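Here is the structure we will look at, set down as structure tokens.
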Amino acid sequence: MTEKKRKETYMATGETQSDAPSEPPPAADPILPPGNEKEPMHGELIDAEIPDVASPSLSPATPGTSERHIGGTHKALSPFSRKGVSPRMIRWRRKLTQINNLEALLKTEDDTTLRKRSLALRYRAMAGEKLSALLPEGYALVREAGRRTLAMRHYDVQMIGGIALFEGCIAEMQTGEGKTLTATLPLYLHALVGKGAHLATVNDYLAKRDAEWMRPLYESLGVDVGIIQTPDEQKDRRKSYSCAVTYGTAKEFGFDFLRDRLLLRAQNRLQTEMLGDGGGGFSGGGDEVVMRGMHFCLVDEADSILIDEARTPLIIGSIEDTVRDQIVETYQWASEHAPEFEEDEHFEIDDETKQYELTSRGRQKVRALPKSDLVRTMGLVDLYEYIERSVKVYLEFLLDRQYVVRPGDKGVDEIVIVDEFTGRLAEGRKWRDGIHQAIEAKEKIEISVPTGQAARITVQDLFLRYPHLAGMTGTAATSASELKRIYRTPVIRVPTNRPPKRERLSDRVFGTILAKYEAVADEVQNVNAEGRPVLIGTRSIDKSVILSQMLTERNIEHEVLNANNVAKEAEIVSAAGGRGKVTVATNMAGRGTDIKLDDEIESLGGMHVICTELHDAARIDRQLIGRCGRQGDRGSYRQYLSLDDDILKSGLGPDKAEKLKTKGEVLKGSADKQANLFRKAQRKVERKHFRDRMVLMHHEKERKKMQREIGQDPYLDTPD
Ligand SMILES: Nc1ncnc2c1ncn2[C@@H]1O[C@H](COP(=O)(O)OP(=O)(O)OP(=O)(O)O)[C@@H](O)[C@H]1O
């Protein structure tokens, strides 16, 4: 491995001391030498490096070990130590000192004077003064506003995070370290130039929560805040985008971009930009479009948005459809017959691609099935595909796991996807390639007319359109090099404000899910007896329900937090940190859930988190773990696994998974030694997703290039 690569991996994964290079040499910063105050533009290549956390100026914290691990094979992570201090860090510290020096003065000034200062900064920015020159005063103002309006004074480490974000980095900040507050710094500064600053997050809930939470800070400095929510009308969106700072989801920013573009084309006002100037945004004026260009975007949960969501492009459907009835009837027909098809005899599943393919006997069976007149007029090859899709849906898409059925707005039931990463309902999102319609057929609800594509954009293209891009994440971990490669955003690890005291207990492995849940219930009982609150994370709604039933059988009082229980979310979360509380949750208790511990809990050992399964991406596991040990609190967590876990199938393939499952069924006791197998499976899934993203990116790039060559708009002239 090259030194550079090693450094990136080390920085990104927080490897154990023995695995990591003992003392990575201080990296030179060839692009931004000390004192270089030039405006950082998104797209510059800056080498990622670790800030020197031993810095005395980053008071009050002196970070120690990241996580302690008791009773297992994992070694404690080493504290970061660097002999030299990099030029960039020197520059950042200098800025921090400038900010800190302004604090005493700002504290003495009244609210009106602070607001006037903010206004003056805006004039200077609009007049063309460099934002980097305004940063110290701007950040000092934001800190003072935070102290006054939210009773939260940005810590020095948050200031460093804010500076890194301004310079176009992805700041990796541990869960619970206060990303919401840190975001206000670059958003405020970039908003000064009057072109809007966007915060893109993962769901409507977080967009609203964060914007409302931070609003008093912004408003005290004369900065207005807009929030985009999925159901918003065009006029409301326009209003929100006209605000200095706009919070919304990446998805909505993408759809608004596409809708605006469709509108501009309809009005013949599309800029020559489509031929490749890449300048971003429109200058076309006009009052119909909702966005007013794309200037700065801060991506929250950067790895989730820039990486996980980047696997599927955002697509707006065209409305035209002539063969609706035929299509609907064929979906229903295929769904009705799907259960009659047997694996191996009628169809096979490709291990690599997970594609379902009919065997010759399967195709024969399709031909022999009874068909209505409409279905019969469908081409035979299409019928094979309908059946293959329906069989896949029948076997792989489960109610209350991947989706729920809910009464829709117009009185008709609808399928709503449960986002595996957030555990929340993914409003308005649909599966592609007919999967959504096949599920509707399976659930016997109205089938939404499949549409062609009117416009599409990939997540990569969307964010690369912002001339200034930055991101925050709790878990950039394995994604650092990918983020840098695709978005040219280096990942910077921001040290914690107080040394983390979260304890990792060794993994436990059981034969079956039921044996695992029994052991989980035992542990809940034990921890509960000490009075410590326990949070148990499950991978799906149905599993949260099973576990809840088992706890009820043991008379363990608990709450369930899942997508079917959103109304009580705030209430459940606010009580979850109390003495003896037990909460069973899906990933809804991941990012954005800030469980406050009652005072006495710290002395009892803090909250205990139990993870009952591995997710496809390790960072999702870390998000759940991050609910304990926040802000330097005490806390502990443990991973439970079983030999019938889904991750084994998706990572190691069905044959190996089946063998392990069979082994698990006869297993007595635990199989803790197998824990590494699960991590290996997880890494395989992560690598597969990585390859999928790279393939998508490659195809999109080629497609765009070709379309530009023939004068087409790559976002609007989309192939079906
Ligand atoms: N400077 C500060 N002063 C006081 N409290 C703070 C400060 N910064 C953050 N906090 C508190 O820390 C907690 C965590 O903040 P926040 O939810 O923004 O963290 P996060 O990094 O987004 O975490 P997660 O990734 O888990 O959602 C909140 O309760 C917040 O009030």
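The values are calculated or read from the model by the stated rules, or taken from the named source; none is laboratory data. Keep in mind that what you see is a predicted model, and the values were worked out from it rather than measured. Backbone-built Cβ (ideal geometry, glycine too); neighbour counts: all protein chains shown.
Computed quantities for the displayed model
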| quantity | calculated |
| --- | --- |
| Test result for Val609, crowded, with 24+ Cβ neighbours inside 10 Å, away from the ligand (no atom under 16 Å from the Cβ) and not acidic (Asp, Glu) | no |
| Inter-residue pairs, beta-carbon under 6 Å, first not assigned by TED's automatic domain parsing to the domain that holds His615 and in a helix (DSSP H, G or I) and in region 678-698, second of a type outside the set (Ser, Thr, Tyr) and modelled with pLDDT under 80, 6+ apart | Asp692/Arg311; Arg693/Ala310; Arg693/Arg311 |
| Only one of Glu288, Glu320, Glu352, Glu342 that is modelled with pLDDT of 90 or more and either surrounded by fewer than 16 Cβ atoms within 10 Å (Cβ to Cβ) or touching a His at 6+ places or on another chain (Cβ under 8 Å) (or both) | Glu342 |
| Odd one out for Gly162 among (1) small (Gly, Ala, Ser); (2) out of contact with any helix residue (DSSP H, G or I) (no Cβ under 7 Å at 6 or more places or on another chain); (3) within 15 Å of the ligand (Cβ to nearest atom) | (2) |
| Whichever residue in region 197-228 is part of a loop (DSSP other than H, G, I, E, B) and at pLDDT 95 or above and, among such residues, is farthest from Ala133 (Cα to Cα) | Ile228 |
| Residue, nearest to the ligand (Cβ to nearest atom), within region 181-195, restricted to residues that are in contact (Cβ under 8 Å) with a residue 40 or more places away in the chain and surrounded by fewer than 24 Cβ atoms within 10 Å (Cβ to Cβ) | Leu192 |
| Residue pairs meeting the criteria (Cβ under 6 Å; at least 6 apart or on separate chains; first under 14 Å from Val289 (Cβ atoms), in region 232-246; second basic (Lys, Arg) and part of a loop (DSSP other than H, G, I, E, B)) | Tyr241/Arg292 |
| Test: Ala164 is buried (at least 24 other Cβ atoms within 10 Å of the Cβ) and not in a strand (DSSP E or B) | yes |
| Tally, over region 168-180, of residues that are small (Gly, Ala, Ser), within 8 Å of the ligand (Cβ to nearest atom) and closer than 26 Å to Leu121 by Cβ | 1 |
| Pairs with Cβ under 7 Å, 6+ apart, first in region 586-601 and over 17 Å from Leu181 (Cβ atoms), second within 8 Å of the ligand (Cβ to nearest atom) | Ala589/Arg627; Gly590/Gln623; Ile595/Arg627 |
| Pick from region 625-664, criterion in contact (Cβ under 8 Å) with a residue 40 or more places away in the chain and among the small types (Gly, Ala, Ser), ranking: farthest from Ala585 (Cα to Cα) | Gly653 |
| Residue tally, condition in a helix (DSSP H, G or I) and loosely packed, with under 13 Cβ neighbours inside 10 Å, over region 355-368 | 4 |
| Residues (over 21 Å from Gly254 (Cα atoms) and within 15 Å of the ligand (Cβ to nearest atom)) located in region 464-491 | Gly474, Thr475, Ala476, Ala477 |
| Residue that is farthest from Lys596 (Cα to Cα) [pool: residues in region 618-669 that are among the polar types (S, T, N, Q) and touching a helix residue (DSSP H, G or I) at 6+ places or on another chain (Cβ under 7 Å)] | Ser650 |
| Residue check, Leu614 of a type in the set (A, V, I, L, M, F, W, C) and either modelled with pLDDT of 95 or more or within 16 Å of the ligand (Cβ to nearest atom) (or both) | no |
| Among (1) over 22 Å from Trp92 (Cβ atoms); (2) surrounded by 22 or more Cβ atoms within 10 Å (Cβ to Cβ); (3) more than 16 Å from the ligand (Cβ to nearest atom), the one test that Asp522 misses | (2) |
| Out of Val534, Val566, Val527, Val545, sole residue that is over 24 Å from Asp303 (Cβ atoms) and buried (at least 22 other Cβ atoms within 10 Å of the Cβ) | Val534 |
